[in-house]
Amino acid sequence: MVTERENQFYLGGEWQEFADATHLPVVDPASERVVGHLAAGDAHHVDIAVRAARKAFPAFSQSPVSERSALLGRMHSLLKERAESFAEALVMEMGAAISFARASQVPFAAEHIRVQMETLEKYRFVTIDRHTATAKEAIGVCALITPWNWPLYQITAKVAPAIAAGCTIVLKPSELSPYSALLFAQLMHDAGTPPGVFNLVNGTGESVGSALASHPDVDMVSITGSTRAGVLVAQAAAPTVKRVVQELGGKSPNILLDDADFSEAVAKGVLAGMRNVGQSCSAPTRMLVPAHRLAEVEELASTTARAISVGAPLEPATNMGPIANRAQFERVQIMIQAGIDDGAKLLCGGLGRPAGLETGFFTQPTIFSEVTSDMRIAREEIFGPVLSIMPYTDEEEAIAIANDTVYGLGAHVQSSDPERARRIAARLRAGQVHINYPAWDGAAAFGGYKRSGNGREYGVYGLEEYLETKSILGY
């Protein structure tokens, strides 16, 4: 099913093939083999998609909430029914370990849809205060630009609230991990989405992404990607004064206070930082620990990292597959070398592939200690399984180190004292703070301070990004 659609775009309710489309190779990161060739669009294909979305908008934006909720329900059911197909696509396109795809990538994607169904049931689109009504209305045609690291999860995090709001959509997934998006487009078709409400154009950011961002008939762009990509989208969108929601890079701190249970907090911190091969913008990749307990932390962290099983993603015992693509693999190697060159203490891992793996974009789980805030590995987003342990002398210094970054997406605090943890959390300049490794919450607002972005996703906060506010006086 996936490969027969790779030469097509989903436009106006049907799959269409264009003889003039260029093609891009799709590479399996575990084998480095080309497994397919993807049709890549341009401004012409974007025009067709936007016209279809614009045509569908008047009717869909006025559709009853019950109809939109029912559509979300069908989407949710189909995603759960087809979960294994999506998991297998994620393995092929980005090298996700099959166990992780089944346990996290696909279920969390489904949860974004379920949360929007729940949000929609309670949401009041019109409120009245004396003689003034405040109406929340669909913003219009939305361009959704999604990344390669959580391909399906980021699609549903954007598509579900856009549908709930009554918006129409043009999706541009990453050309590096496109197969789950093709499966999702078919799911939208099979769920009975009205023609033009959902459209898919594959291609590069330079071609399709920039055409969408600058298109005069696109009312909003939501992008998840690098800070560099987010800046380019905002610049392209500025002349048409459209809304831009950006979920961008991160360099999240994880403060272990001296009263934390280190035997648990260190191990969980390593695994959180290296989850999804470290390819998460909110990954807690800076572990801040009391200086007098540094040796203890080093031992616990190294033991945890060395126990991670790196290998073929379809093997049930594999915890960590390859980096998702060659460019990112090379970036991670450069940053490991930078850590060595800057004088950080290499505890485990390092350059090159793990022993026994001669091909594939496999990387050793790597931990540096004695990292200081002036080092590249402490300042730049690496997006790989590389953790920096940073010692601090007291609480004030821990907070200062945590906030000493241009990013502000996520942060973690570990403590046995809830009040102390809350006090620290209140002083961290980040959009989402986790205390003592809580369960993931698909309704919690997600987004960043500073260069980590603008706007919020998930739950009611994500829904409201797709809504305009209208005041009606004398109501």
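Within segment 25-41, how many residues are touching a residue at least 40 places away in the same chain (Cβ under 8 Å) and surrounded by fewer than 18 Cβ atoms within 10 Å (Cβ to Cβ)?
Going through segment 25-41 one residue at a time, the tally reaches 3.
Is at least one residue of segment 286-304 among the hydroxyl-bearing types (Ser, Thr, Tyr), part of a loop (DSSP other than H, G, I, E, B) and at pLDDT 95 or above?
no
Within segment 283-324, how many residues turn out to be farther than 18 Å from Phe262 by Cα and among the charged types (D, E, K, R)?
Residues meeting the conditions: 1.
Give segment 311-333 a look and list any residue that's touching a helix residue (DSSP H, G or I) at 6+ places or on another chain (Cβ under 9 Å) and surrounded by fewer than 17 Cβ atoms within 10 Å (Cβ to Cβ), or say none.
Scanning segment 311-333 gives Leu314, Glu315, Pro316, Ala317.
Just to check your reading of the model, which residue among Glu370, Glu381 is closer than 30 Å to Gly225 by Cα, in contact with a Gly (Cβ under 6 Å, 6 or more places away or on another chain) and at pLDDT 95 or above?
After applying the criteria, what remains is Glu381.
Out of Glu88, Glu81, Glu93, Glu121, which single residue is surrounded by fewer than 17 Cβ atoms within 10 Å (Cβ to Cβ) and either touching a helix residue (DSSP H, G or I) at 6+ places or on another chain (Cβ under 8 Å) or at pLDDT below 95 (or both)?
Glu121 is the lone residue from the list that is surrounded by fewer than 17 Cβ atoms within 10 Å (Cβ to Cβ) and either touching a helix residue (DSSP H, G or I) at 6+ places or on another chain (Cβ under 8 Å) or at pLDDT below 95 (or both).
Give me the pairs, please: first residue somewhere in segment 380-401 and under 28 Å from Gly352 (Cβ atoms), second residue anywhere and part of a helix (DSSP H, G or I) and small (Gly, Ala, Ser), beta-carbon distance under 6 Å, and either six or more positions apart or on two chains.
Hits for this filter: Gly384/Gly278; Pro385/Gly278; Leu387/Gly273; Ser388/Ala378; Pro391/Ala291.
Test each condition in (1) crowded, with 23+ Cβ neighbours inside 10 Å; (2) of a type in the set (S, T, N, Q); (3) in contact (Cβ under 8 Å) with a residue 60 or more places away in the chain for Gln186 and report the one that comes out false.
Among (1) crowded, with 23+ Cβ neighbours inside 10 Å; (2) of a type in the set (S, T, N, Q); (3) in contact (Cβ under 8 Å) with a residue 60 or more places away in the chain, the lone unmet condition for Gln186 is (1).
Considering only residues of segment 255-276 that are of a type in the set (D, E, K, R) and within 21 Å of the chain's Cα centre (by Cα), which is nearest to Val386 (Cα to Cα)?
This residue is Arg275.
With the requirement that a residue be of a type in the set (A, V, I, L, M, F, W, C) and either over 19 Å from Trp148 (Cα atoms) or at pLDDT below 95 (or both), what does segment 188-205 give you?
Met188, Ala191, Val197, Phe198
Restrict the check to segment 221-236 and report whether at least one residue is among the charged types (D, E, K, R) and more than 21 Å from the chain's Cα centre (by Cα).
No: segment 221-236 contains no residue that is among the charged types (D, E, K, R) and more than 21 Å from the chain's Cα centre (by Cα).
Filter segment 359-403 for residues that are hydroxyl-bearing (Ser, Thr, Tyr), surrounded by fewer than 24 Cβ atoms within 10 Å (Cβ to Cβ) and more than 22 Å from Val91 (Cα to Cα) and give the result.
Ser369, Thr372, Ser373, Tyr392, Thr393
The values are calculated or read from the model by the stated rules, or taken from the named source; none is laboratory data. Because the structure is a prediction, the values reported are computed rather than measured. Heads up, the Cβs are rebuilt from the backbone with ideal geometry, glycines too, and the neighbour counts pull from every protein chain shown.
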